[in-house]
Amino acid sequence: MILYDYYRSSAAYRVRIAIALKNLFVERRPVHLLRGEQRDPGYRAKSPLGIVPTLQLDDGRLITQSLAIIDYLDALKPEPPLLPKDPVLAAQARAAALTIACEIHPLANLRVIKALQGEFGARDDQIAAWRRRWIAEGLSAVEALIAPAPFAFGAEPSLADICLIPQVYNARRFDVSLEACPRILAVESACTAHPAFIEARPEAQPDAE
Ligand SMILES: N[C@@H](CCC(=O)N[C@@H](CS)C(=O)NCC(=O)O)C(=O)O
């Protein structure tokens, strides 16, 4: 399998964590987002929206969308499971993950930022405020949704942690204070010590700059 990846993509980071948790071998192909490689026709043929990650299977079939890729990996190798056994906890873990993936992440995606700058004339300070506004509001909702023990939904990492840690990376990158989020900070401490999360960090990737 090949993962089309970019070290700083938080959506690809989610998939890297899942791959490491499952201890799977997946070849990595970096797609340099700042150089616009995601818009090359060759890559667009794999990802019609021109975004990473994309997973290419050994038979050539393609899966886009980080959460769909993670679902596939979980089906391919069920151990360790990526959701709690209890159905309510599993749904809550998925809800926390979706809050990040659907309500926070898309608002500050590169192509959204480029549109705000290019089509609507937003200045750098306005862009910074925009990013911080949505990340802070979204993470404060996630803070209320999780119950660290020590991971977001229990003793083992789940889809919620897989989505949360890359979003915390973005929060730190864009100077969003997490002081009011002690639960998120507790989850971050647990994940920081976990080998799969260590392996998947942006700075540990071969294309890191
Ligand atoms: N919902 C998608 C989001 C993927 C996504 O937005 N990826 C970003 C990087 S984190 C990207 O490739 N952006 C390129 C662009 O906006 O031009 C997923 O979960 O896979």
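A convex hull fitted around the alpha carbon atoms of the chain yields 118 Å³ per residue.
Evaluated at q = 0.19 Å⁻¹, a Debye calculation over the C-alpha positions of region 87-197 (equal weights, vacuum) places log10 I(q)/I(0) at -0.91.
Any chance you could tell me what percent of the C-alpha pair distances in region 2-80 go past 21 Å?
Numbers: 633 of 3081 pairs.
For region 2-80, the share of Cα pairs beyond 21 Å comes to 21 percent.
Evaluated at q = 0.14, 0.15, 0.25 Å⁻¹, a Debye calculation over the C-alpha positions of region 125-183 (equal weights, vacuum) places log10 I(q)/I(0) at -0.39, -0.44, -1.04. Rolling a 1.4 Å probe across the protein heavy atoms gives the chain an accessible surface of 50 Å² per residue.
Taking every C-alpha pair closer than 8 Å and separated by at least 6 residues, the mean separation divided by the residue count of the chain gives a relative contact order of 25 percent.
Rounded to the nearest 10 square angstrom, Leu57 shows an accessible area of 20 square angstrom against a 1.4 Å probe.
The values are calculated or read from the model by the stated rules, or taken from the named source; none is laboratory data. Here the structure is a predicted model, which means the values were calculated and not measured. Accessible surface areas use protein heavy atoms only, side chains included; no ligands, DNA or RNA. Shrake-Rupley method; radii C 1.70, N 1.55, O 1.52, S 1.80 Å.
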